[in-house]
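Working notes, structure below.
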Amino acid sequence: MPSILEPTPPSLARQFYRRRSKKHRSGARALRFFIFVAICALAWSGWYLAKRGFGRQWRNRVVEELHKRGVEASVGRLTLDPVRGLIAQDVRIFDFKNRENTLAVISEIALDINYSALLHHQPFLNALDVRGAELTIPAGSPSTGTPNPRITQFRAHVYFPPEQIYVSQAEGMFCGLRISATGQLIKRNDYKPSEDFSEADWEQRMMLIQRVADELRRFNFPGDAPTLQVKFSGDLSRFETARAEATLHGDRLQRGSYEMKNLNVAAEWTNQTLQVTRCDWADNAGSFSGRAGWSRETKAGDFQARSTLDAKRLLDAFGFGQMLTDLALTTPPLLELSGSADFSGTAPRISVIGRADVDNFVYKTVPFLKLTGEFSWDAERGMLRGLRLRHESGEIRADLLEAPDDFRFNLESGVDPTALRAIAPPELGRFLGEWEWRRPPVVRLALHGASRAPETWTGEGTVALQRTRFRGAWMNSANANVHLEKGALTFDNFRITRDEGIGTGSLTYDFVKREVRLKEVKSTLRPTDAILWVEPRFFKEVAPYKFRQPPTVIVNGVIHFGAPNDHLELVVDAPTGMDYVFLGKTLPVDRVSGRLLFTDNRLQLSDITGKLFTGEIRGTADISLAKGDPHYQAKLSLDAVDFPRVADLYFKYETPRGRLSGTYDWTGLGSEARQMKGSGTARVTDGDVFAIPVFGPLSGLLSAVIPGAGYSQAHKANASFKVEDGVIHTDDFKVSGRLFGMVGHGDVRFLDDKLDFDIRIDANGPGVLLTPVYKLFEYKGEGSISKPNWHPKRF
């Protein structure tokens, strides 16, 4: 066996190297294959991890790591990006205290991982990096279809130093608003969330976020997007002690037709207290500035503001335009407010004091020049002080206090009330429309009561009017003391003056009982004008009485609004008399007096007395005032009335002497004379019956039989009669003379000017001896009343 020191034969050496080279080539091929397989495996793994992601175990480890860092979350997918590294997708952030409450949903987050710590099961999350993501806040309402608020173009970088969470920069667009935030939170290892945050608090905050989002969506930003910058710091274990500062700035913000300019808001949250140290903006009319503060511990706050903004457009833009629907402003109002709010009780308690100054505005078509005043309110008590409302016709000054069981109101007015019709309640507006003032009345009132309900008010005051027209009738002046109690406004000791006289007394408008009460109202005014002031519907009942001079009228009674319960009594005394139209003729009645009673669609006249043609006249009447029922009933008596004047008035003939007496009781229907029905008696004494045109022709007939008899006086005539359908009918007409008499019966159709009458000559005195002869002389009267045709019935 050859030694190893011996040289190897050439064939063996070549064989050895050939074997060695072959082994080397086989290893290289194996290495190259292994590398290729490794590369493919890595490529496939990268593709798989990028597309399909890590398994649940790895996702759970990331969720657990986030939990340790103070972030309660879930990860939908965990993938690998060749450039950015580990990517968590569909990340849902929960409330740390209650996983049922989702705070946000982030499309993707890049995780900065310490892989060595990850392999050694140590805290491995260094930071979170969010770029161009979309953050969704699940505060929308599925039932109403309201979309969830979103933060788009969201980017943030969050570091996790030991026991800290540091946000170096977080930015995004929230409903057109650019938001940026920086800050840090301490998260201790022994961190435990506080338990004072209830489910109701959570829902309230989500509703607040949704409301803010809804309001922001209604804005347009013609210029650059507004910016909100937030800086914060705090301890997660005592989150209530966190501190935050925020500033909001916007050049132009438009909502509807309203545009805000240069909006600046600065706020700070510290020691559980919110302080809005600055809030101001401007619009085309003016500007607003204010501040506010609120403490979470005491649940109390305060505020202060001053505004000269275009209030109507501002309220319209935010959906409160109905508050100023009836108000048109030509200049921006000045409003200054300060107050406090306390929410510690079951009901909020808000206190406000301030003042207002408004120039040149229109309220419900009524233009005003200026409104100024101070006010205060604390949820239980309200007060207006020094209120001054100027109108072109005058000024109103008022003070008002409203508190529990205490209401006070002082008023001094020199404004034309007609100008206020448009803002008055309908019933009061109609009443004011019946007035016309040459100069505004002066009204002073001091009222107090238990509440704002007018029926609880009592008070005193005065009212004075100058030249004024009410319901078409003028008065020169009027004044009264005013007393209000239990919904009844009383004008005591009122005095109304006109050219012809005065009116005095007491008048009460009872708005609760809806009635007017008059007490000892004494008037020497024209009744037709005075009755218009009291009750216009009685005008047509008073108009027929034409007094020569205004009578003295005393009025007492009650008139109801729209109810048939009136009881109004008028006592009339007219020494100078009146003219009254009866059966188409005007009767001049002297020294008239009587009593009129208006009740339930009925007018009763009683104790009517007067003098007619030197005689006495008395009468009563009962007249229906009901609509569609104009019937009436009347009685009239005459005593020693000058017959020649009556004959001349109604029959246009002259007779030298005679006295008329009688009675008449009748019913009628309005002014229709043919509907009149009645009965009565008539007696003429100391007269010449043959001087009456109706019986005048009998004078010649009698003289033909007995010369001179027809021209002797028939000094007495009497009859009872009935009236119906325009016909006067009598069965016992009798004329008594010295030598003869007449007995007759028949009809006098006074409306148709026709006569149908029978007369028989009767004997008196010495003529009784010729009675058989006289009975042969019976006459019949026919034709017209003015020109009767008398002729013997037997010849």
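The values are calculated or read from the model by the stated rules, or taken from the named source; none is laboratory data. Predicted, not measured: the structure shown is a model, and the values here were computed from it. Note: ideal-geometry Cβ built from the backbone for every residue, glycine included; neighbour counts use all protein chains shown. Side chains are part of the model used for accessible areas, which takes the heavy atoms of the whole protein and leaves out ligands, DNA and RNA. Shrake-Rupley method; radii C 1.70, N 1.55, O 1.52, S 1.80 Å.
Arrange the residues LEU669, LEU518, LEU411 by how much accessible surface each exposes, largest first, with a 1.4 angstrom probe.
On the way: LEU669 65, LEU518 10, LEU411 40 Å².
Most to least solvent-accessible, the answer reads LEU669, LEU411, LEU518.
Let me know the whole percent of all Cα-Cα pairs from the range 524-617 that are separated by more than 20 Å. Counting pairs separated by more than 20 Å, the tail of P(r) holds 35 percent. Within the assembled protein chains, the solvent-accessible surface assigned to LYS299 is about 100 Å², based on a 1.4 Å probe. Taken over the range 302-389, the ratio of Cα radius of gyration to 2.2 N^0.38 Å equals 1.21. For LEU636, the solvent-accessible surface computed with a 1.4 Å probe is close to 40 Å², ligands and nucleic acids excluded.
May I ask you to rank LYS734, LYS611, LYS187 by accessible area, largest first, using a 1.4 Å probe over the protein chains only?
Working: LYS734 100, LYS611 75, LYS187 20 Å².
Order by accessible area, largest first: LYS734, LYS611, LYS187.
Exposure check, 1.4 Å probe, all protein chains in place: ARG131 carries approximately 140 Å² of accessible surface. Inter-label distance, ARG385 to ASP648: 8.1 nm, where each label sits 7 Å from its Cα along the C-beta direction.
Per-atom-type breakdown for the range 303-342 gives carbon and sulfur 60% of the accessible area (1.4 Å probe, protein chains only).
At a 1.4 Å probe radius, carbon and sulfur cover how many percent of the accessible area of the range 613-678?
Numbers: 1890 of 3680 Å².
Carbon and sulfur atoms account for 52 percent of the accessible area of the range 613-678.
Taking 29 Å as the cut-off for C-alpha to C-alpha distance, list the pairs among LYS546/LYS716; LYS677/LYS787; LYS716/LYS780; LYS513/LYS635; LYS364/LYS540; LYS611/LYS780 that go past it. Exceeds cut-off: LYS546/LYS716; LYS513/LYS635; LYS364/LYS540; LYS611/LYS780. Which of rounded, prolate, oblate describes the range 371-410, given a ≥ b ≥ c as roots of the alpha-carbon gyration tensor eigenvalues and a/c under 1.5 marking rounded, otherwise prolate only if a/b is larger than b/c? Because a/c hits 1.5 or more and a/b exceeds b/c, the range 371-410 counts as prolate.
Near LEU636: Cβ cut-off under 12 Å, other residues only, Lys/Arg at +1 and Asp/Glu at -1. The net charge is -1. Solvent exposure of the range 339-424 amounts to 57 Å² per residue of accessible area, where only protein heavy atoms count and the probe is 1.4 Å.
Prolate is the label for the range 229-320, because a/c, from the alpha-carbon gyration tensor with a ≥ b ≥ c as root eigenvalues, is 1.5 or above and a/b exceeds b/c.
Just to make sure I understand: if all protein chains stay in place, what is the order of PHE491, PHE368 by accessible area at 1.4 Å, largest first? Intermediate values should be presented prior to the final figure.
Working: PHE491 45, PHE368 10 Å².
I get PHE491, PHE368, largest accessible area first.
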